[in-house]
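One structure is given here, and the rest of the page talks about it.
Computed from the coordinates by the stated procedures, all read-outs in this text should not be read as laboratory data. As the structure is a computational prediction, the values presented were derived from the model and not from experiment. Because the Cβ atoms are built from the backbone with ideal geometry, glycine has one as well, and the counts that use them run over all protein chains shown.
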Amino acid sequence: MIEFQQVSKKYTQNVTALSDISLSVGKGELVFLAGPSGAGKSTLLKLIAAMESPTEGSVIVSGHDISRIKTSGLPYLRRNLGLIFQQQRLLADRSVLANVMLPLIVCGASRPDAERRARAALDKVGLLDMANSGPLTLSGGEQQRVAIARAIVNRPQIILADEPTANLDRAAANKVLDALKAFHSVGVTCLISTHDEQFLDTATRVIYLDHGRIIESWRRTAVQEPA
Ligand code: ADP
Ligand code: ADP
């Protein structure tokens, strides 16, 4: 579903964000990208979303080499991706429901259909009760779950989340991760970056980056939750 073939990314002559990265992520996998700030996690996610292009190597997403995608093909690629990036803010002057409906309206869905699907998405992240609230009345963790609902409302095949639990306390962070895992459990491929080691305890696949290189990566079968 996602493949990196000897990918390097230099922002400038002196800034190499990624060096010689090769990896492959299968359909339905849940992968954590770990490593300290500046390791290249966010660059790796941006390459998948074609928000940056590789300096060397190829990035293949759902069979398409993203550096060969023409600008006209980008909306099609992005529709298949649910993006949860820190800088993407909710619209403060619209309700939570309207925020989640927006991607569907943009794609031409009718309002009743968009509303039904947005409510279904809010229900999945446990925030249906907040549908009519303004986003700024919600806690940071709740806002992040609204952003997840907005990212998945179009039923993308891939979710990319860049430090989705940053600045959240443990309980709020766990709820955000549970919301992401709920979509993984219905078959969505998920890549989640984090510098928080505690979230890796229950992970089934982790790729550690440091200074733009993969320094460690492992996979294991699902961890049984204690009864
Ligand atoms: P992480 O997400 O692990 O914190 P990043 O991918 O954001 O890492 O950054 C990797 C390296 O690339 C860092 O040294 C960072 O300063 C640099 N970098 C990131 N974005 C840019 C940019 N737009 N221009 C120049 N350098 C950048
Ligand atoms: P239904 O027709 O079963 O009610 P919806 O279209 O209302 O389903 O989808 C329910 C919500 O689940 C959607 O709004 C969407 O946000 C979310 N979702 C996203 N991706 C998937 C997926 N792959 N499988 C199931 N639900 C998904």
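Being within 16 Å of ligand 1 (Cβ to nearest atom), more than 15 Å from Ile2 (Cα to Cα) and touching a Leu at 6+ places or on another chain (Cβ under 9 Å) is true for just one of Ala92, Ala114, Ala39, Ala118. Which residue is that?
Numbers: Ala92 fails: within 16 Å of ligand 1 (Cβ to nearest atom); Ala114 fails: within 16 Å of ligand 1 (Cβ to nearest atom); Ala118 fails: within 16 Å of ligand 1 (Cβ to nearest atom).
Going through Ala92, Ala114, Ala39, Ala118 in turn, the sole match is Ala39.
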Failed condition for Lys41, given (1) crowded, with 21+ Cβ neighbours inside 10 Å; (2) free of Cβ contacts under 8 Å to residues at least 12 places away in the same chain; (3) basic (Lys, Arg): (2)
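Looking at this structure, is Ile214 under 16 Å from the mean Cα position of the chain (by Cα) and touching a residue at least 24 places away in the same chain (Cβ under 8 Å)?
Working: under 16 Å from the mean Cα position of the chain (by Cα): no; touching a residue at least 24 places away in the same chain (Cβ under 8 Å): yes.
No: the conditions fail for Ile214.
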Given (1) under 23 Å from Val7 (Cβ atoms); (2) within 16 Å of ligand 2 (Cβ to nearest atom); (3) not acidic (Asp, Glu), number of the condition Gly126 does not satisfy: (1)
Pair list, Cβ under 6 Å, 6 or more apart: the stretch 180-195 residue more than 16 Å from Leu45 (Cα to Cα) and hydrophobic (A, V, I, L, M, F, W, C), other residue within 11 Å of ligand 2 (Cβ to nearest atom) and part of a helix (DSSP H, G or I): Ala182/Lys124; Phe183/Ile152
Residue within the stretch 139-160 that is surrounded by 15 or more Cβ atoms within 10 Å (Cβ to Cβ), in a strand (DSSP E or B), touching a residue at least 40 places away in the same chain (Cβ under 8 Å) and within 16 Å of ligand 1 (Cβ to nearest atom) present: yes
Qualifying positions in the stretch 172-212 - farther than 23 Å from Gln88 by Cβ and in a helix (DSSP H, G or I): Glu197, Gln198, Leu200
